[in-house]
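*Asks:* Take this structure, written in structure tokens, and hold onto it; I'll ask about it next.
The values are calculated or read from the model by the stated rules, or taken from the named source; none is laboratory data. Quick caveat: nothing in here was measured; it's all calculated off a predicted structure. We place every Cβ from the backbone using ideal geometry, glycine too, and count neighbours over all the protein chains shown.
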């Protein structure tokens with residue numbers, strides 16, 4: 001009969017074996033850019049470990065499943081043409097051109113199932129096209145034509161919210177629209193000619209920017225955030241942000257999966273920094289004290305606990321760091337040194 005000491009060892013070995021039998025914890029994918037003059041895209045685990053070089057380019061955007069990176073590349077051989085390129089996030093494949101004339105690279109979104117991207121293409125001057133691109137085949141589908149300032153898939157991927165103006169005039173005379181992707185039906189959700197940058201959230205909400213004070217402000221309108229339902233009804237103002245004359249104001253970045261947290265960015269001349277907004281009350285909180293050299297927020301974890309971004313200010317440089325900060329506020333945690341433009345699918 002085994003003694004008590006042997007029984008303890010047997011129990012310990014059994015516990016260890018059980019732990020080894022469990023599947024490894026899933027790691028989300030982190031992407032970022034290094035080197036200002038000749039930028040290079042890197043990918044890593046979401047804690048910054050196992051970082052590896054992927055490709056030359058900027059503005060990397062990781063797919064929701066963490067398998068594909070879409071990024072911005074300048075093709076010198078074609079007259080410095082801006083291109084949308086995709087590449088496997090694990091570094092196993094080669095870059096593949098998806099869109100040869102990528103316009104307004106900040107107007108972009110991945111579909112929730114990672115099969116499709118929404119992007120803008122067109123000439124340097126004149127109307128652009130909002131297109132859906134099948135990532136596997138490269139097939140394009142035009143959704144609308146005009147001048148665009150935002151695009152966002154619905155959580156189920158069946159609809160696409162976007163903002164569009166009919167001309168390049170400033171301030172933009174834009175409204176928010178919704179496209180049903182199965183039928184191609186487009187519904188205009190706002191009619192005030194001053195709404196833009198929609199971000200589709202959970203629980204049937206869309207947050208968007210409304211331009212205010214066009215006549216009273218010397219250098220142009222400021223932006224505040226509003227909420228509406230997915231039919232364009234129940235519109236209510238969310239924020240009442242103080243915005244100095246040369247600054248622009250808030251724009252939405254990302255919702256949490258529950259809809260209880262909202263990450264936004266405050267921008268303007270030489271200024272951009274992350275601000276959290278309570279979607280229920282409109283209460284705002286800046287995550288760092290610095291403004292021009294502060295924390296640029298780029299993504300929010302699905303559980304709403306953690307904000308991803310970079311420290312060093314609005315213009316990428318060698319001294320920047322990719323960091324995370326708790327949504328509630330706190331000290332930055334460095335994930336990658338001399339890096340900026342981060343994104344993840346966490």
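*Asks:* Any chance you could count how many residues in the range 184-227 are in a strand (DSSP E or B) and either under 15 Å from residue 245 (Cβ atoms) or at pLDDT below 95 (or both)? Walk me through how you get there before you give the answer.
*Replies:* Here is the first cut: in the range 184-227, the residues in a strand (DSSP E or B) are 186-188, 195-200, 205-212, 222-227.
After this cut, where a residue has to be either under 15 Å from residue 245 (Cβ atoms) or at pLDDT below 95 (or both) as well, the list is 211-212, 222-223.
Here the count works out to 4.
*Asks:* In addition: Kindly check whether there is at least one residue in the range 115-123 that is part of a loop (DSSP other than H, G, I, E, B), surrounded by fewer than 18 Cβ atoms within 10 Å (Cβ to Cβ) and either at pLDDT below 95 or in contact with a helix residue (DSSP H, G or I) (Cβ under 8 Å, 6 or more places away or on another chain) (or both).
*Replies:* yes
*Asks:* If a residue must be within 14 Å of residue 174 (Cβ to Cβ), surrounded by fewer than 18 Cβ atoms within 10 Å (Cβ to Cβ) and touching a strand residue (DSSP E or B) at 6+ places or on another chain (Cβ under 7 Å), how many such residues does the range 195-224 contain?
*Replies:* Residues that pass the stated criteria total 0.
*Asks:* Could you give every pair whose Cβ atoms fall below 7 Å, whose first residue belongs to the range 20-49 and is on the phi < 0 side of the Ramachandran plot and part of a loop (DSSP other than H, G, I, E, B), and whose second residue is exposed (fewer than 14 other Cβ atoms within 10 Å of the Cβ) and modelled with pLDDT under 95, counting only separations of at least 6 or pairs across chains?
*Replies:* 36/317; 36/318
*Asks:* Name, by its number, the condition in (1) modelled with pLDDT under 95; (2) within 22 Å of residue 339 (Cα to Cα) that does not hold for residue 10.
*Replies:* The one condition residue 10 does not meet is (2).
*Asks:* Within the range 261-284, work out how many residues are modelled with pLDDT of 95 or more and loosely packed, with under 14 Cβ neighbours inside 10 Å.
*Replies:* 3
*Asks:* Are there any pairs with C-beta distances below 7 angstrom linking a residue in the range 114-126 that is touching a residue at least 24 places away in the same chain (Cβ under 8 Å) and at positive phi to a residue that is part of a strand (DSSP E or B) and crowded, with 19+ Cβ neighbours inside 10 Å, with the two at least 6 apart or on different chains, and if so which?
*Replies:* What qualifies is 114/68.
*Asks:* Just to be sure I understand, how many residues within the range 50-68 are assigned to a loop (DSSP other than H, G, I, E, B) and closer than 20 Å to residue 300 by Cβ?
*Replies:* Step one: of the range 50-68, the residues assigned to a loop (DSSP other than H, G, I, E, B) are 50-51, 57, 63-67.
Narrowing further to those that are closer than 20 Å to residue 300 by Cβ: 63-66.
Total meeting the criteria: 4.
*Asks:* Follow-up. Among the residues of the range 236-248, write down those that are without any contact (Cβ under 8 Å) to a residue 12 or more places away in the chain and assigned to a loop (DSSP other than H, G, I, E, B).
*Replies:* Within the range 236-248, the first condition is being without any contact (Cβ under 8 Å) to a residue 12 or more places away in the chain, and the residues that meet it are 236, 242.
Within the range 236-248, just 242 meets the criteria.
*Asks:* Looking at the range 177-184, can you tell me whether even one residue there is more than 28 Å from residue 97 (Cβ to Cβ), touching a residue at least 12 places away in the same chain (Cβ under 8 Å) and crowded, with 20+ Cβ neighbours inside 10 Å?
*Replies:* Among the residues of the range 177-184, at least one is more than 28 Å from residue 97 (Cβ to Cβ), touching a residue at least 12 places away in the same chain (Cβ under 8 Å) and crowded, with 20+ Cβ neighbours inside 10 Å, which makes the answer yes.
*Asks:* Provide a single number: the residues in the range 169-183 that are over 19 Å from residue 132 (Cα atoms) and either under 20 Å from the mean Cα position of the chain (by Cα) or assigned to a strand (DSSP E or B) (or both).
*Replies:* Initially, the range 169-183 is screened for residues over 19 Å from residue 132 (Cα atoms), giving 169-175.
After this cut, where a residue has to be either under 20 Å from the mean Cα position of the chain (by Cα) or assigned to a strand (DSSP E or B) (or both) as well, the list is 174-175.
The total comes to 2.
*Asks:* Can you tell which of 96, 81, 61 is surrounded by fewer than 21 Cβ atoms within 10 Å (Cβ to Cβ), modelled with pLDDT of 95 or more and in contact with a strand residue (DSSP E or B) (Cβ under 6 Å, 6 or more places away or on another chain)?
*Replies:* Working: 81 fails: modelled with pLDDT of 95 or more; 61 fails: surrounded by fewer than 21 Cβ atoms within 10 Å (Cβ to Cβ).
Only one candidate qualifies: 96.
*Asks:* Among (1) part of a loop (DSSP other than H, G, I, E, B); (2) free of Cβ contacts under 8 Å to residues at least 60 places away in the same chain, where does residue 71 come up short?
*Replies:* Of everything listed in (1) part of a loop (DSSP other than H, G, I, E, B); (2) free of Cβ contacts under 8 Å to residues at least 60 places away in the same chain, residue 71 misses just condition (1).
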